[in-house]
Amino acid sequence: MTNANQPDPQRSTDSRSGDSPADAFDERAFDALLAEAMGGAEPPDLTAQILARLNQDPTPAPAVEPPPIHAAVVRSGQSSAPVMGDGPTQPPIQPIDADAANSTWRRRVRLAAVLAALAASVVAVVWLRPDAVRPLEIDGLDIAAAPSAPGSDSGNPNLADTSSPDSRIAGPNSIDPNSIDPNSPDPQPAVQSPEPGSIDPPAASDAIAQSRPPRGIPMVLDIPNDGSTGDGNPNQDGRGSLSPSVSDIATNSDTATNRTIAADRSAHPDASEPKALSPLRLVSRQTDTQMRSYWDAIGIQPATAAEQPEVLARFNAATGIDFQPDDLADADAIQARLAGPQAARQVAKRWLGDVTEGGLGRIDADAQSRLVDAAAGVFAGKTSGDELLTRWFSGESEDSSSFYSAMAHASKSLADGALARRLASLSMDADLRCTRCHDAYIEGSGQQQDYWSLMALLQRDLVSAKGRKGVWSVAKSASSKPVFFDLPDGRRRLAEPAVAAAWIGSDQPALSLGQWADRLKDSDALASGLVNSIWKMVHGQPLRGRVVDPMSAPHNEALQSLERELTDDLRRSNFDLGRTLALVLASPATNREVPDSLKNAWVIDNAADRSAAEAFAAAVPARSNLSLNRRLDETMRAIGAKLDGDGNPLLAQLGDSSKGNGKGKTRQADRLSWDFPDRAESLPVQWLVPMDDLADRVNHLGYLGGMTELPKSILAAADAMQAAGVDDATLLNRVWWLVRQ
């Protein structure tokens, strides 16, 4: 006999085995749910109490279907069926099925639990639901879906108070028009009209215009408050209509948007809108400040200012114009002097001769005069510089052939690369000296593929005039001749005619001369090339040089800011080269004194002064204007030899200079240029150090000087100096002196 108050495990197991599999699974799942929800292993057993209550109830119990498999076991412990083999079977008295009662109880509990769970879910959703009218605060700009209740200040200036019950349940049609703050921003985007009769139309228009922000935690953007109210129309930017919530945000974040656009324009100057042209005097002061800031940033002490006569002579040598003391008053006075007809022609001739590396003097006089007259209009401020140059580049101008012929002077074929190198430097400020044979290893600013693509484009679109040597013009029909080049590993590759997208500040390469010229109009690439060409004409080296050069200004942000100021001003001035030249001449870098150590080529310990000269903080003496034959003669005489007519070294029949007369000494001194490198302690450029072969070093100096192949006379002079025992540092400096002129 089992205690009626304790469950019988065997009975429980047998009773459950009589249920269907689905019912058994549901009961086990429900038991697990109750155990998890109520914290107990099993629900309490109330069988005894239920039976006692039923025994006291006079109402007869309803008939219950017997279990399908075996007789039910009554909680009192008496069996409802005899055991097999005990005698004849008697009809048993049908008791109340305890499991059926238990199953009914479980259904009721299950239903109650489900209802409780649903109620809890509803309460949780209502409690955790974000406020429908919670405002969105952006640094003091209140973008509210509905005005908050009076007196709901939470103490946080960046978050609105949403604790009021009214604010939690208020909808678009339940806004109190009297609570709308008349000083709050009134966003412009329209929303759907309210239902008729909800509130009066004016109040409805103002209230509903304050759109409902996205649900969730209010977003606070840390934007400096500049007092803007953001009452602009967000749909005016051409991006289409915005949803009400997003439009409110866009309307009140004009300040952040403008800052983002300004930053993007500074990173991509070609996409920037033109600004108003500042007065020349103001820009000159700005460039003066930036130049001095650059010297401070690199720790250079500038040399003292030169005397006025020396500055006048320097200006005259750089421009070919006879400047007067009154012309040096300021940048405006310099520009006024340059704008004169004769002065503009003179400086245009000097500039064209510099960018063509003397090629202007190689063309006939009529063609030369037309080019100078056209460029003079640019320096006088009468013609747009980018329009003129791009017409020359594309072949639209009648002077295009003269321009290309001057740029390609001394070239028997375009394959030597002289035209491509000069053209890329002027038009895009691109350096092609190292990329003919390999990628630019040091600066990483060029690839061999880009070089040969430009070469292929020029050879396809330019043609040499028949019977006229050295005359080039834009071809009417492109040539189909392919161009191949050798990779450093010896493989050959086909060059696709194009101008690299990176060179022209575009996302796509230019595939023809006309397309290339169109991309260069009002471009930052063309402006940078022109600014550096003007600076080089005045100072002998570009403002932003290359680290591969023996003499180059150190790069930093201050130097980039100075270059950016000049290029931006050139673009805003419609590419007025006379204005840019006036700014360069008025710069403090132009009136520095020449240090004594740089005046004497025999002084070796001049590192500090040389560093100042590289950074334009000191002036350098003008180079000796000698022909290649004169330079070769001086180089050979320094080792007691000379070259014959075929370029072969010969011993010079020179007597002892100490026994000669004074006239001989004078003639010998006259032959010695002030800048001839008699001796040197270091290589011209340090990237020659990894090269072991002397001939390889000599050839690379020729490439650095813009030569595709060194003349035989220079190679013979290098061999003669090596045979004479000249050390490598001095020998290579003398070779550089030969090729850089």
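The values are calculated or read from the model by the stated rules, or taken from the named source; none is laboratory data. Fair warning: this is a prediction, and the values are worked out from it, not measured in the lab. Positions of Cβ are generated from backbone atoms using ideal geometry, with glycine treated the same way; all protein chains shown enter the neighbour counts.
Things worth noting here:
- Filter result for Ala374 (part of a helix (DSSP H, G or I), surrounded by 23 or more Cβ atoms within 10 Å (Cβ to Cβ) and modelled with pLDDT of 95 or more): no
- Of all the criteria given as (1) in the same structural domain as Ala582 (by TED's automatic domain parsing); (2) part of a helix (DSSP H, G or I); (3) touching a Lys or Arg at 6+ places or on another chain (Cβ under 7 Å), the one not satisfied by Arg314 is (3).
- Residue selected from the range 347-371 under the condition surrounded by fewer than 21 Cβ atoms within 10 Å (Cβ to Cβ), of a type in the set (Gly, Ala, Ser) and under 18 Å from Ser427 (Cα atoms), by the criterion nearest to the chain's Cα centre (by Cα): Gly353
- Exactly one residue out of Ser401, Ser413 is surrounded by 18 or more Cβ atoms within 10 Å (Cβ to Cβ) and hydroxyl-bearing (Ser, Thr, Tyr), and it is Ser401.
- Leu731 fulfils the conditions (1) crowded, with 16+ Cβ neighbours inside 10 Å; (2) over 42 Å from the mean Cα position of the chain (by Cα); (3) touching a residue at least 60 places away in the same chain (Cβ under 8 Å) except for a single criterion, (3).
- Filtered residues of the range 412-458 (kept if closer than 29 Å to Ala374 by Cα and assigned to a loop (DSSP other than H, G, I, E, B)): Lys412, Ser413, Gly417, Asp429, Ala430, Asp431, Leu432
- Residue within the range 572-589 that is surrounded by fewer than 17 Cβ atoms within 10 Å (Cβ to Cβ) and touching a residue at least 24 places away in the same chain (Cβ under 8 Å) present: yes
- Candidate set from the range 594-609 (those that are surrounded by 15 or more Cβ atoms within 10 Å (Cβ to Cβ) and closer than 16 Å to Trp674 by Cα); member that is modelled with the lowest pLDDT: Ala601
- Note on the range 470-506: residues that are touching a residue at least 40 places away in the same chain (Cβ under 8 Å), outside any strand (DSSP E or B) and not small (Gly, Ala, Ser) total 6.
- Residues that are farther than 24 Å from Ala622 by Cβ and not hydrophobic (A, V, I, L, M, F, W, C) within the range 295-332 comprise Asp296, Gly299, Asp326, Asp330, Asp332, listed in sequence order.
- Some residue of the range 351-370 being out of contact with any strand residue (DSSP E or B) (no Cβ under 7 Å at 6 or more places or on another chain), hydrophobic (A, V, I, L, M, F, W, C), in a loop (DSSP other than H, G, I, E, B) and outside the structural domain of Glu565 (by TED's automatic domain parsing): yes
- Any hit, the range 546-563, residues being hydroxyl-bearing (Ser, Thr, Tyr), buried (at least 22 other Cβ atoms within 10 Å of the Cβ) and closer than 26 Å to Ile300 by Cα: no
- Looking across the range 394-411, the residues that are more than 34 Å from the chain's Cα centre (by Cα), assigned to a loop (DSSP other than H, G, I, E, B) and in contact (Cβ under 8 Å) with a residue 40 or more places away in the chain come down to Ala408, His409, Ala410, Ser411.
- Only residues that are of a type in the set (Ser, Thr, Tyr) and assigned to a loop (DSSP other than H, G, I, E, B) were counted across the range 684-729, and they come to 1.
- Looking across Arg337, Arg391, one residue alone is touching a residue at least 12 places away in the same chain (Cβ under 8 Å), part of a helix (DSSP H, G or I) and surrounded by fewer than 21 Cβ atoms within 10 Å (Cβ to Cβ). It is Arg391.
- Among the residues of the range 420-444, those that are closer than 23 Å to Lys521 by Cβ and free of Cβ contacts under 8 Å to residues at least 40 places away in the same chain comprise Ala420, Leu423, Leu432.
- If the condition is being at pLDDT below 95, out of contact with any helix residue (DSSP H, G or I) (no Cβ under 8 Å at 6 or more places or on another chain) and either more than 26 Å from Phe403 (Cβ to Cβ) or among the hydroxyl-bearing types (Ser, Thr, Tyr) (or both), then the range 434-469 contributes Ala440, Tyr441, Glu443, Gly444, Ser445, Gln447, Gln448, Gln449, Ser464.
- Subset of the range 703-722 [β-branched (Val, Ile, Thr) and modelled with pLDDT of 90 or more]: Ile714
Quick grid of which residues meet (1) in the same structural domain as Ala586 (by TED's automatic domain parsing); (2) among the hydroxyl-bearing types (Ser, Thr, Tyr):
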{"residue": "Gly490", "(1), (2)": "no, no"}
{"residue": "Ala502", "(1), (2)": "no, no"}
{"residue": "Ser533", "(1), (2)": "yes, yes"}
{"residue": "Gly540", "(1), (2)": "yes, no"}
{"residue": "Met551", "(1), (2)": "yes, no"}
{"residue": "Leu559", "(1), (2)": "yes, no"}
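- Selection from the range 377-388 of residues that are outside any helix (DSSP H, G or I) and either touching a Gly at 6+ places or on another chain (Cβ under 9 Å) or closer than 25 Å to Ser512 by Cα (or both): Ala380, Gly381, Thr383, Ser384
- Flag if Ala348 is part of a helix (DSSP H, G or I) and within 17 Å of Ser533 (Cβ to Cβ): yes
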